DNA sequence: CAAAGTCCTGAATCATATG
DNA sequence: ACATATGATTCAGGACTTT
């Protein structure tokens with residue numbers, strides 16, 4: 001809209017930050033090891049992915065640098081190693097079974113999230129906002145921790161999935177939603193960014209496909225109607241296997257970023273996975289800093305940026 | 001559907017339970033004081049409202065009697081009075097400001113809810129389910145407590161309000177949802193009641209508002225699209241002032257009761273307010289036990305039952 | 001080439017019975 | 001406590017295949 005682009009980084013600007021950038025090494029330069037320095041300045045990490053533990057990485061970052069933080073933590077699904085088959089074709093449902101989603105106890109999970117949120121709070125600018133995703137497995141634990149830490153919740157935003165996996169044993173409602181908590185550091189923060197006209201647009205996008213919407217009805221509600229991450233967008237390996245079991249759709253990040261940041265803002269993601277947050281941020285003229293531990297996810301993220309950013313001359 | 005009506009209580013049956021029932025005193029007999037006895041048997045309280053403190057009342061009830069429990073607790077909106085008026089009900093400055101929603105701290109709120117849930121768990125039959133409502137102010141605290149207590153969450157159900165109060169200051173998304181947690185006592189419970197065909201029906205109503213009605217029913221997703229409690233349904237005093245600031249719509253209780261109970265089941269509500277739970281349960285051929293402290297709410301509830309139940313001969 | 005049909009799969013705490 | 005077999009059929013979106 002009418003926000004000025006203050007510090008947009010594309011490859012030419014990016015090269016200034018990373019002076020040794022060249023055509024052959026661009027993929028390397030996107031990534032910086034968390035252990036590379038004692039502490040990182042903003043220019044060390046701007047529009048880069050820090051490879052390593054997120055707590056360690058965050059502790060090395062300056063305070064009050066991020067305009068918005070997006071956190072997609074492990075959900076701690078506790079699937080109990082049960083296997084679920086589709087009767088029709090005897091195929092097995094490929095659920096989340098990653099090591100990073102396993103915790104020994106609620107206490108351990110809570111402790112991890114509290115440590116994350118403590119550093120996140122420090123890294124946030126005074127007027128910054130934070131988004132965090134979850135389902136009923138984890139979102140309540142997170143919300144409770146945030147309230148206890150003084151975070152002030154602005155909204156619960158409901159992601160209503162267009163194409164959820166149906167509950168075909170019919171023992172529950174089909175779980176078609178995820179919840180995003182949107183919050184500021186405390187109740188005194190008033191000047192955070194909220195682009196209300198875009199919130200309206202996203203809220204009514206699906207309604208308007210089906211019927212005319214009266215003007216008075218055009219409010220930006222806290223429900224987003226979006227499909228899962230599938231098709232071309234889903235990152236897969238040579239064998240066609242999905243690289244990350246819970247890759248978020250770009251559309252979700254677009255909504256998060258467009259409603260809660262301005263052009264040129266700095267978006268921080270401490271658990272980046274395949275880098276959807278920074279990738280979308282960059283496409284939308286925002287800057288980013290991301291942290292991710294697993295190499296295979298980082299490599300997938302790199303492949304996205306290589307396509308996005310033209311090579312340096 | 002095809003469930004037999006096992007122990008439906010209308011006024012004639014009710015008179016058997018309360019042998020001194022007669023035309024003049026029916027309204028009194030609906031209510032029983034929590035202090036009336038040391039302990040209550042099922043027949044003492046079946047289809048009656050216990051007047052008094054809910055913890056005290058629950059402690060006097062037998063174990064494992066309820067097939068389903070519905071809890072509409074205080075939401076604890078009071079942290080910073082300035083913000084409240086934006087978020088609750090139709091009135092602008094005159095939102096929820098009731099004594100029952102005031103707690104001194106998160107700890108006090110948590111403690112209250114934990115005590116409630118401890119008794120609720122005891123009162124639930126082994127295969128019973130429990131519903132509890134909230135917004136982002138309180139639902140996360142409740143969810144966390146429930147998980148810690150071993151409750152096993154089946155679903156988050158999102159009540160998407162047809163007519164939420166618009167956020168006219170445009171500083172947040174319009175908060176158009178409330179969340180209901182639906183749970184069993186622990187993860188081993190498998191034979192709880194879930195009427196999947198009705199879940200589908202309710203889910204379809206959402207769809208109907210946004211697109212042409214499909215030929216076949218959709219899956220039963222965890223989103224319900226319902227208006228707030230307004231109009232005729234809203235209980236008001238002589239001056240037209242609403243009696244309860246957060247009266248739940250009957251449609252919400254219909255969905256809760258129809259999807260998770262069978263005809264003849266016993267529904268328990270420890271914080272009954274104006275008695276919507278028992279009123280709807282009774283209309284749907286379920287039995288109820290309710291507890292409520294405030295006399296003005298109980299009188300409003302009585303007025304509903306007087307209309308519902310014909311006088312005894 | 002368009003249209004229609006097939007196949008696969010998704011953050012899922014999805015059941016029961018028999019060894 | 002595991003592991004395995006059985007049972008009996010959900011849906012939207014997208015990629016792919018066939019007509």
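For the reader, a short list of remarks on this structure follows.
- Sorted into 5 angstrom bins from 0, the C-alpha pair distances of segment B:264-307 split as 6, 27, 33, 23, 9, 2 percent.
- Centre separation in Å (Cα based) which lies between segment B:116-167 and segment A:76-101: 26 Å
- Length, then width, then depth: along the principal axes, the Cα atoms of segment B:120-198 run 47, 32, 18 Å.
- Shortest-first distances to equivalent copies, position residue A:81, nm, label 7 Å out along Cβ: 5.7
- With all projection directions averaged, the alpha carbon convex hull of segment A:97-247 covers 12.8 nm².
- Counting Cα-Cα pairs of segment B:146-187 in 10 Å increments starting at 0 gives whole-percent bin shares of 26, 33, 22, 18, 2.
- Here segment A:237-294 is treated as a sphere whose radius is the Kirkwood value from Cα pairs; by Stokes-Einstein at 25 °C and 0.890 mPa s it diffuses with a coefficient of 205 µm²/s.
- Other-copy label distances relative to residue B:169, 7 angstrom Cα-Cβ extension, nm: 4.7
- Debye log10 I(q)/I(0) at q = 0.16, 0.21, 0.22 Å⁻¹ for segment A:69-182, Cα point scatterers: -0.85, -1.24, -1.32
- Each copy carries residue A:303; placing its label point 7 Å along the C-beta direction from Cα gives inter-copy distances of 6.7 nm, listed from smallest up.
Throughout, read-outs are computed from the coordinates displayed, never taken from laboratory work. Here the structure is a predicted model, which means the values were calculated and not measured. We place every Cβ from the backbone using ideal geometry, glycine too, and count neighbours over all the protein chains shown.
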